[in-house]
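Reviewing the structure listed below.
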Amino acid sequence: MLFKGKSLSAELLNDGIVEMKFDAEGSVNKFDQATFEEYRAAVAAINNCADAKGVLVTSGKSAFIVGADITEFLETFKEPEEALVPWVKAASDVFDSFEDIQLPTVAAINGFALGGGCEMTLVCDYRVADTTASIGLPEVKLGLMPGFGGTVRLPRLIGADNAIEWMSTGKAHKAAAAMAVGAVDAVVAPEHLRDAAVSMLKQAIDGKLDWKAKRQPKLEPLKLNPTETIMTFNTCKGMIAAKAGKHYPAPMVTVKTIEAAAGLDRAGAMHLENVGFAKLAKTDAATAQIGLFMADQVIKGKAKKAGKMATKAVNKAAVLGAGIMGGGIAYQSAYKGTPIVMKDINNEALDLGLNTASGILTKLVERGRMNAKKMAGVLNNITPSLSYDNVKDVDIVVEAVVENPKIKGLVLAEVEGVVADDAIITSNTSTISIDLLAESIQRKDKFCGMHFFNPVHKMPLVEVIRGKETSDETVAAVVAYAAKMGKSPIVVNDCPGFYVNRVLFPYFAGFSQLVIEGADFTAVDKVMEKQFGWPMGPAYLLDVVGIDTADHCTGVMSAGFPTRMQKIGNDPVSKMYNNDRLGQKNGKGFYDYGTDKRGKPTKVPSAVAYELIGNTEHTDFSADEIIARVMIPMVNEVVRCLEEGIVDTAAEADMGLIYGLGFPPFRGGPIRYLETVGIEKFIEMADKYAHLGEIYQVTDGMREMAKSGKSYFMTDVKTA
Ligand SMILES: NC(=O)c1ccc[n+]([C@@H]2O[C@H](COP(=O)([O-])OP(=O)(O)OC[C@H]3O[C@@H](n4cnc5c(N)ncnc54)[C@H](O)[C@@H]3O)[C@@H](O)[C@H]2O)c1
């Protein structure tokens, strides 16, 4: 053995072949600080081995190398930019030193070779992949760019245009696709991977393959003439500017780095990569996107744990109500392989529910993402029913009938009388207290909320609402079912609005108050969309949610939190509601909705809405003020939910709004946003508006957090 570490080893085999094998003690191979040290030592050992004739890089795991250890990033990235340049250079130097080994090198790639894993393959002269391989540079998804030579080597290997496409989308590529552009040299069946890689290495050792010539372009400037250079980079920059926009700087910095490095040799190009990486590592977007990735891991980890803990498996489900939500829930369950009975009290509703499902499926078939056979299979998984007969043997029921506590109570009691004793019953209510609904249920331990978001097939979040008497087993089974449906479940405790709606309504209240004071609702929407990054501003969102629904929820919230969320006199939302302006559903709300001559949907600010609100003369508010006035109430309420244990961790609080409301991902969620602004600065800002009401008043807990200099995410480490 030439070298043996905890993550990798180097061993001299027959015929002068050194096998450098990544086989970490953990479940996957990844690059962390300790692995870099071992990598450096292994390269030195190989260079010192007089009998070595070639190097084979392999993995002892089912995946090659999954990437860099992101959990180390956030701490490291707190260092100043000047310190990050030498930090990343030290790592990329190790990769260069491998590339400089004066022997032919071949990577045998199985499974994921992502990020640093992909860059490990790029330092080799040849790459042989098996059909399980998935290769890519996903750093852009974390607001970063490759930092171990990816921006230098990949363009020189597959051309700048292909490389930019890989890096700016962050997509992983199957072996065949990677080979088509030249990122790998051969693709074989998994059982032949090792032999094929060894055979290629032997050919290189024997001089049948000119490995030096293969390596050379990676050490030189890009082979593009000046016209090609201008064409390629200008086209890419134009596309990226249009697609990524100003909130996501990573793809543009990546392209500009590759462009600036095009005429340079490896050392020059690598320096620019080091500098670009450090610059991106310091952006708020990178902090937010890395935080999101980690938060998503927290949620997935919890769902996995629940899956293991769940004593009740869900193999058959029922949804009561075939409306907007029932139809969507039936589709999602069936699509992900759990057969579901869809029960309603009238036939037309059942037809509508089925049409919703077949409409989504038809689109998938039209886009070539599903075949007709699979579509038929999914539809067969939905059993429409007017009677409870088909519901008797289900494992779980999702009640999604009209939002009326009396009707829901009756329906829940009715279904409990039909299903088996161990069946779980859930409600998709968006506002009614789970404990209140539980009063209609006998087996209260087997009852909880399962709050989906509209449209069900698109929105990833499911709030699993634990009632006072819900058992842990029930929560675990429901979390597992939501995960099986392809959703991201977050467990929350019962309170008016649960988590997502509870924090959304103070935001709407902030909006209403602004409009009452004379703000133009279109100006507010514009700032919140273009500057803050929400997919829809508050007025547009209210129209989409439905003004009637919003008005109803406002009532629920004001009853639940009478001092903080009391109904606002003159509320523009109530004015819309009282004048039958229900939003998108009846074509009139803050905006008027229609179609143009070509049948395309239109949305224009409504003159009637302005009249109703009574603020045709507008007061100007600065963008900063608009953001503060609507965001402070939301963030304050999120903090209250954390303090009251409605939601467990900051990670879940962030993901809940990203997945449930479309909170701008580059801001990482409400708590990440709070900490990016700075807790102290946020308090200062909120204090300025404290006179406007309780929603603007920060909690004592937040003041303490600011004083202690701690982070809301620190507590997560303990609880996650
Ligand atoms: N629409 C949303 O955006 C949204 C989002 C999240 C949660 N929710 C909640 O989901 C539930 C359903 O909302 P929706 O928008 O789908 O309503 P909807 O009005 O579109 O559908 C309700 C359906 O329930 C049926 N129904 C009524 N009584 C019934 C009974 N006794 N048995 C079986 N079916 C019965 C109706 O025929 C109708 O098809 C509500 O509790 C709502 O608050 C709605």
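A few points about this structure:
- Qualifying positions in the stretch 416-436 - farther than 17 Å from I340 by Cα and either of a type in the set (K, R) or touching a residue at least 40 places away in the same chain (Cβ under 8 Å) (or both): D422, S430, T431, I432, S433, I434, D435
- Among the candidates A295, A313, residue that is more than 15 Å from the ligand (Cβ to nearest atom), buried (at least 24 other Cβ atoms within 10 Å of the Cβ) and at pLDDT below 95: A295
- Among the residues of the stretch 370-398, those identified as assigned to a helix (DSSP H, G or I), farther than 11 Å from V341 by Cα and not hydrophobic (A, V, I, L, M, F, W, C) are K373, K374, G377.
- Any chance V401 is closer than 30 Å to F505 by Cα and either more than 30 Å from the chain's Cα centre (by Cα) or within 10 Å of the ligand (Cβ to nearest atom) (or both): yes
- In the set K526, K567, only one residue is open to solvent by 20 Å² or more (accessible area, probe 1.4 Å), free of Cβ contacts under 8 Å to residues at least 12 places away in the same chain, under 22 Å from N615 (Cβ atoms) and of a type in the set (D, E, K, R); that residue is K526.
- Just one of the listed residues (A68, A50, A90) is of a type in the set (G, A, S), out of contact with any strand residue (DSSP E or B) (no Cβ under 8 Å at 6 or more places or on another chain) and farther than 30 Å from D206 by Cα, namely A90.
- A single member of D296, D344, D351 is among the acidic types (D, E), out of contact with any Asp or Glu (no Cβ under 9 Å at 6 or more places or on another chain) and under 19 Å from P460 (Cα atoms), and it is D296.
- Enumeration of residues in the stretch 402-420 that are at pLDDT 95 or above and either among the hydrophobic types (A, V, I, L, M, F, W, C) or in contact with a Gly (Cβ under 7 Å, 6 or more places away or on another chain) (or both): I407, L410, V411, L412, A413, V415, V418, V419, A420
- From the options I679, I671, I658, I626, residue that is over 23 Å from K282 (Cβ atoms) and either at pLDDT 95 or above or open to solvent by 10 Å² or more (accessible area, probe 1.4 Å) (or both): I626
- Of all the criteria given as (1) in contact (Cβ under 8 Å) with a residue 40 or more places away in the chain; (2) of a type in the set (G, A, S); (3) farther than 19 Å from I70 by Cβ, the one not satisfied by A288 is (3).
- Selected residue (only one of F148, F98 is farther than 14 Å from V184 by Cα and surrounded by fewer than 24 Cβ atoms within 10 Å (Cβ to Cβ)): F98
- Pick from the stretch 316-339, criterion more than 10 Å from the ligand (Cβ to nearest atom) and either open to solvent by 40 Å² or more (accessible area, probe 1.4 Å) or among the acidic types (D, E) (or both), ranking: nearest to E414 (Cα to Cα): K316
- Pair list, Cβ under 9 Å, 6 or more apart: the stretch 572-597 residue of a type in the set (D, E), other residue part of a strand (DSSP E or B): D580/K588; D592/T602; D592/K603; D592/V604; D592/P605; D596/T602
- Some residue of the stretch 539-546 being open to solvent by 20 Å² or more (accessible area, probe 1.4 Å), aromatic (F, W, Y), in contact (Cβ under 8 Å) with a residue 40 or more places away in the chain and within 16 Å of S512 (Cβ to Cβ): yes
- Looking only at the stretch 422-437, residues that are within 16 Å of the ligand (Cβ to nearest atom) and open to solvent by less than 10 Å² (accessible area, probe 1.4 Å) come to 7 in all.
Table: residues versus (1) in contact (Cβ under 8 Å) with a residue 12 or more places away in the chain; (2) assigned to a strand (DSSP E or B).
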{"position": "I299", "(1), (2)": "yes, no"}
{"position": "G307", "(1), (2)": "yes, no"}
{"position": "V319", "(1), (2)": "yes, yes"}
{"position": "A330", "(1), (2)": "yes, no"}
{"position": "T338", "(1), (2)": "yes, no"}
{"position": "I345", "(1), (2)": "yes, no"}
{"position": "E348", "(1), (2)": "no, no"}
{"position": "S358", "(1), (2)": "yes, no"}
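- Every condition in (1) assigned to a helix (DSSP H, G or I); (2) farther than 23 Å from V464 by Cα; (3) open to solvent by less than 50 Å² (accessible area, probe 1.4 Å) holds for L352 except the one numbered (3).
- Among residues of the stretch 90-132, those that are touching an Asp or Glu at 6+ places or on another chain (Cβ under 8 Å) and of a type outside the set (A, V, I, L, M, F, W, C), counted: 7
- Of all residues in the stretch 350-398, those satisfying the criterion of being of a type in the set (V, I, T) and within 13 Å of the ligand (Cβ to nearest atom) are T356, V391, V397, V398.
- Meets criteria (within 7 Å of the ligand (Cβ to nearest atom), closer than 18 Å to N454 by Cα and surrounded by 19 or more Cβ atoms within 10 Å (Cβ to Cβ)) for M342: no
- Screening E414, E469 for residues that are open to solvent by 60 Å² or more (accessible area, probe 1.4 Å), touching a helix residue (DSSP H, G or I) at 6+ places or on another chain (Cβ under 8 Å), within 12 Å of the ligand (Cβ to nearest atom) and not hydroxyl-bearing (S, T, Y) leaves exactly one candidate, E414.
The values are calculated or read from the model by the stated rules, or taken from the named source; none is laboratory data. Remember, it's a predicted structure, so these values are computed and weren't measured experimentally. No Cβ is skipped: glycine too gets one built from the backbone with ideal geometry, and neighbour counts run over all protein chains shown. When the accessible area is computed, the model is the full protein with side chains, heavy atoms only, and any ligands, DNA or RNA have been set aside. Shrake-Rupley method; radii C 1.70, N 1.55, O 1.52, S 1.80 Å.
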